[in-house]
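The values are calculated or read from the model by the stated rules, or taken from the named source; none is laboratory data. Because the structure is a prediction, the values reported are computed rather than measured. Methodologically, a virtual Cβ is constructed for each residue, glycine included, from the backbone with ideal geometry; neighbour enumeration extends over all protein chains shown. Areas reflect the complete protein model, heavy atoms only, side chains present, ligands, DNA and RNA absent. Shrake-Rupley method; radii C 1.70, N 1.55, O 1.52, S 1.80 Å.
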Amino acid sequence: MRDFKMSPRPQWNSLSDVPMGSSCSSFHICDANAAWRVFRPVMDYSLCIGCHQCYLLCPDGAIHKEDAKVFHIDYDFCKGCGICAHQCKPGAISMVKEDQA
Amino acid sequence: MIKKLNARNIDAKECFYGHKACGGCGESLALRLALKVLGEEAYLSLPAGCMAAVSFIYPNMAFKNNAVITPFASTAAVATGIAAGLEALGKEAPLSVGFAGDGGTADIGIQSLSGAIDRGEKFIYICTDNEAYMNTGIQKSGLTPFGAATTTTPAGKAIHGCVTEKKNMFEIAAAHGITYAATASIGYPEDFLNKVQKAKECDGPAYIHIYTPCPTGWGHGSKITVDLAKEVVDTGLWFLAEYEDGEFRLNRKPGDFKPVADHLKRQARFRHLSDEEISQIEVMRDRKWEKMLKNWG
Amino acid sequence: MSEFAFLNGNEAVAWGVRLSRPHVIAAYPITPQTKAVEKLSSFVQNGEMDCKYLHVESEHSAMACSIGSSSVGARTFTATSSQGLLYMSEGLPYASGARLPIVMMNANRSIATPWNIYGDQMDAMHVINSGWVQLFVEDAQEALDMVIQSFKLAENHDILTPVMINVDGFVLTHTYEKVDIPGQELVDSFLPAIEKAPHLMNDQDPMSLCISAGNQHYMEFKIKQHRDMFKVFEQLERIDRDFEKSFGRSHGGAADGYRNEDADVILVTTGSVTGTARVVVDSLREKGIKAGLVKLRLLRPFPSDDLYELIGKASAVGILDKNISFGFEGTVYTNVNSSLLQKGYRGRTFNFIAGLGGRDITKENIEEMFSALLEQKGETVQYFNMGCAL
Amino acid sequence: MLKEIRWHGRGGQGSFTGAKLLGTAASLHDDRFAQAFPSFGPERRGAPVLGFNRISDRPITDRSEIGLCDFIIFLDDTLWSDRYFGDLKKDALILINTADKNLSDARIRTIDATGLALEILGLPIANTAMLGALAALSRETVSYNALVEALKSSLKTSVLEKNLILLEKAYERF
């Protein structure tokens, strides 16, 4: 579940705009990771058996669970590592080259 | 009775997101799963290392929680300082958790970890073990296994990779008389989730040592990270165990080990090994298991 | 109600800490700081202080635990000395960079090798660039009072910088004198409970601390930290004035003069040797010699304006350094010289190295320093009370 | 008025405790200013150690070691030698804990403090007796009453009474 809004990149006009201390609000996310991907996982929902393995094993947490059988891939943050497709026993996820997706 | 955790009933909320770890990073999976159990209330301490480097790069902060990068040697000290501070400020049941890699735990951080366990205050320490200093470019640590090539133990003509065996951090932690200690692997994620749950519930320091393959450091395809982490348990090169109430317990006693050679050859770091060296690794494994089965069986 | 007691510097610090009601103390024993942490431990073990005392396994962890507890908003104290300060030195810039209001006592002691447990100020100079406020005290009363003032200073939301109170090893830490221990109620009203700074960890708006910043951001973080440190002068003066109103005594701001207004020659000192120098100045004045003193209470931030003003028209200034930067000169001298140069000071400056490794600094030594200044003679850097020729 | 005093003893004999009691008496009960400091360093039981006092009617800022003294107090006569005459100011005195009656010099006073302590306390702890002797020799340095108060505030009740007797007996010797 993605429950944050993307933060704007901070603009500093003077030192007073710079955060106090070496600190920043947590979950302050400005940049997506989509550009990291060569292949993207594509879900064939007709083959999905709802085993949850893709959701469980994504190192980026980029596969979200909508309900017990619907999994949604957050392509802004999926890095295309292929773990989900590899671990999907029914073969519901295939890795497709970005320019062919 | 605590509900057994599994893929279906874990919290859908993500507390570790948008981080810049390599694709297929085992360590980041371990953190993500741990936070599913620990929740966003937990206060996190991480030393300078991969997980800190990929999740605190201004202006991108990947943790939903309160989190701090600690001096490299100081994960456990900062975590217990946080726990003490929160307790002194009157917070009820504060949860302070340290995450550090193999080097940050078994080498530079072992002193502060020992001191923190010894103080006996409640905190959780999770060692994400990928068997070398990955953040600095794959140098040997105290947890690099025998035979592994790293950038400081290359597969040279005279010396063929790492010549030492892994330090036994699990037993070192247990030897303090710690409240709870366990080993885990991201190849057995549900086992790990439940061990984190136990650590969260226990009244005192807890140590979990989880095996987390690193595609970049080990030289394997990013998609097989979880496979390798399962295989390593099935080949007997890693083990799942707990230390609780002063007793050791093996969680899995494999009948027949899966072949070691196939597992090792899937990782570039072991490809130079001769058959003889692989047999040597099997002998080491068998010796270790003989002891574990005798003492903890 | 305040009461008088016959305390050594370590005990005075411990009393200052007790009255400041910290939430957490994390400390590791090292000579000559030990009596302070022993006293604090006994306060805690006897239930006289409601405080978490963390028995850490090293100074490195003492600082790390302090970083942890301070980062959630707990009032935090630690103490160390010498090798211990060097061992924890990695954590010092973490704490100052994260703007954590930790207060620490450093019992000034020499640095090995040769191995030596006695007092000089080499340890503090090693970490002068760590981003901590570096304060030096002259006696046990000032040590006690400055613990209380330091928490107030460090926790001020304009400052949010850790403070190191330097207390000369043995000469102050182990010398007993009459100390006025203020009453708890008075301290409570002067130093209320810590007000958590918004950048620290909290449950309402979780924060990430000690983050990394690349080359496009790092410099601004550091320059902000640097510029904020100059705010210490004004706040310390204000705090000291308020302290005087509450407690009836004050200690001066960043620098303090003694018989300096009309002085021809001035000696600049830090810490306990100032007291001995006062005696010498008095005796020189009796002889009609216009000698004066400037005591630097702060070395970081460095009080350039105050220093220049206090030195006035003196024709020569001597800087007494209980430390040496090998291959150069005493560190206080380097700082004073640079500052005076910026201000356009035209007199001569000399550097007097003395008291290394606990070597006594006698009144005769200080008289010799003043005669070197009066006659403007000898090398720029001179060594005192040496047991052999150079 | 400034009195500078040096105590010579062996580690464990209580020479610094004596200095501390003297400083407490002078500063908290005589309305004076006082310093008490030990010879700095890792003292070992039995090794020769020093204790120092400065007592004045004005605030004391001098932090240097004490070379020339108004009183030098020896808790142990084996530590005494005549070279210490060189450390005395004019009109200064040396006070030695000894049973030896032959130590005769205008600048020396002796008392068998160990003998007195053994008799009264049953222990060879001589510093209280030396304080009594000092008060008798120089009321200007410290008053007897201030010492009584210092003992009362510093000693455990179990040993206080006997120490007060010891103080009194020593005081009466001069």
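Does chain D come out rounded, prolate or oblate, given a ≥ b ≥ c as the square roots of the eigenvalues of its C-alpha gyration tensor, rounded meaning a/c under 1.5 and, failing that, prolate meaning a/b above b/c? Don't skip to the end; give the middle numbers.
Working: a/c = 1.28, a/b = 1.05, b/c = 1.23.
Judged from the Cα gyration tensor, chain D comes out rounded (a/c under 1.5).
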Angle between the Cα long axis of helix C:59-71 and the longest principal axis of chain C, 0 to 90 degrees, nearest 10?
60
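Once the convex hull of the C-alpha atoms of the range B:206-263 is built, how many Å³ does it hold per residue, rounded to a whole number? Show your work: numbers first, answer last.
Details: hull volume 5.3 nm³, N = 58.
Convex hull of Cα atoms, per residue: 92 Å³.
Please report, largest first and rounded to whole Å, the three semi-axes of the ellipsoid equivalent to chain A, where each semi-axis is the square root of five times an eigenvalue of the C-alpha gyration tensor.
Details: eigenvalues 231, 46, 20 Å².
After scaling each eigenvalue by five and taking roots: 34, 15, 10 Å.
With the Cα gyration tensor of the range D:55-145 giving a ≥ b ≥ c as the square roots of its eigenvalues, does the rule (a/c under 1.5 for rounded; else a/b larger than b/c for prolate; else oblate) give rounded, prolate or oblate?
oblate
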Given a 1.4 Å probe, how much area per residue of the range C:3-247 is accessible, in Å²?
32
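Normalising by the residue count of chain C, find the relative contact order in percent from Cα pairs under 8 Å and 6+ residues apart.
Computed over chain C, the figure is 16 percent.
Set the Förster radius R0 to 45 Å, insert the Cβ-Cβ distance between residue A:49 and residue B:271 as r into 1/(1 + (r/R0)^6), and round the FRET efficiency to 0.05. Don't skip to the end; give the middle numbers.
On the way: r = 36 Å, r/R0 = 0.80.
The formula returns an efficiency of 0.80 here.
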Expected max-MSF residue from A:38, A:70, A:18 in the GNM of chain A (alpha carbon, under 10 Å) is A:18
Mind checking the angle between helix B:225-234 and chain B's longest principal axis? C-alpha axes, 0 to 90 degrees, to the nearest 10.
70
Those residues in the range C:51-74 that give up at least 30 Å² of accessible surface, probe 1.4 Å, once the partner protein chains are present instead of the chain by itself are C:52, C:54, C:57, C:60, C:64, C:65, C:68, C:72
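In Å², what does the accessible area per residue of the range D:2-172 work out to with a 1.4 Å probe? Can you show the working numbers first?
Working: 7650 Å² over 171 residues.
Per residue, the range D:2-172 has 45 Å² of solvent-accessible surface.
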Structure-based [θ]222 nm, chain D - -39500 (n - 2.57) summed over DSSP H runs of at least 4, per residue, nearest 500:
-10000 deg cm²/dmol
Could you report the accessible area of residue C:268 in Å², rounded to 10, computed with a 1.4 Å probe on the protein chains as they sit in the structure?
0
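Between chains B and C, what is the buried accessible area summed over both chains (1.4 Å probe, protein heavy atoms, nearest 100 Å²)?
Details: alone 13270 and 16920 Å², together 27410 Å².
Counting both chains, the buried surface is close to 2800 Å².
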What does the charge add up to near residue C:358, with Lys and Arg as +1, Asp and Glu as -1, over the other residues with Cβ less than 11 Å from its Cβ?
-1
Quick one: angle between helix C:140-155 and the longest Cα principal axis of chain C, in degrees between 0 and 90, rounded to 10, please.
50
Can you give the Kirkwood hydrodynamic radius of the range C:256-383 from its Cα pairs, in Å with one decimal?
14.3
Whole-percent carbon and sulfur share, accessible surface of chain B, 1.4 Å
52
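Roughly how big is the C-A contact, given as buried accessible area in Å² (both sides, 1.4 Å probe, nearest 100)? Walk me through the intermediate numbers first.
On the way: alone 16920 and 7190 Å², together 22670 Å².
Separately minus together, C and A give about 1400 Å² buried.
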Taking amide hydrogens as modeled 1.01 Å from N in the peptide plane, which residues meet the under 5 Å criterion relative to residue A:64, leaving out close sequence neighbours?
A:72, A:73, A:74
Over chain C, with a single point scatterer placed on each C-alpha, what log10 of the ratio I(q)/I(0) does the Debye formula yield at q = 0.14 1/Å?
-1.22
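How much of the calculated P(r) for the protein assembly as shown lies past 39 Å, in percent of all Cα pairs?
Details: 242388 of 462241 pairs.
Tail of the P(r) past 39 Å holds 52 percent of the pairs.
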Skip the ligands, DNA and RNA, and give the accessible area per residue of the range B:63-179 with a 1.4 Å probe, whole Å².
32
Just to make sure I understand: if all protein chains stay in place, what is the order of B:287, D:54 by accessible area at 1.4 Å, largest first?
B:287, D:54
Within a 10 angstrom radius of each residue's Cβ in D:65-78, how many Cβ atoms of other chains show up on average? Whole number is fine.
1
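Across peptide A:51-58, how many C-beta atoms of other chains are within 10 Å of each residue C-beta, on average?
Working: counts 2, 5, 3, 1, 4, 12, 10, 5.
The mean count of partner-chain Cβ atoms within 10 Å per residue comes to 5.
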Label-point separation, residue C:115 to residue B:9 (7 Å along Cα→Cβ), nm
5.9
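Would you list C:345, B:180, C:383 from the most to the least accessible area, probe 1.4 Å?
Working: C:345 35, B:180 5, C:383 100 Å².
The residues order as C:383, C:345, B:180, largest area first.
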Share of alpha-carbon pairs per 5 Å distance bin for chain B, given as whole %
1, 6, 12, 17, 20, 18, 13, 8, 4, 1, 0, 0, 0
Quick check on packing: order C:61-70, D:24-33 by the mean number of other C-beta atoms within 10 Å, highest mean leading.
C:61-70, D:24-33
Give the Cα extents of the range C:1-137 along the principal axes, in whole Å, largest first.
42, 35, 26
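Sort C:113, B:144 from largest to smallest accessible area, using a 1.4 Å probe on the heavy atoms of the protein chains.
Numbers: C:113 120, B:144 0 Å².
Putting C:113, B:144 in descending order of accessible area: C:113, B:144.
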With a 1.4 Å probe and ligands and nucleic acids left out, the total accessible area lost when C pairs with D, in Å² to the nearest 100, equals 1900
Taking the highest mean first, how do the peptides C:75-85, A:50-60 order by number of other beta carbon atoms within 10 angstrom per residue?
C:75-85, A:50-60
Would you check the accessible area of residue A:84, probe 1.4 Å, heavy atoms only, in square angstrom rounded to 10?
20
On the accessible surface of the range D:2-172, probed at 1.4 Å with all protein chains in place, carbon and sulfur together account for a percent value of 49
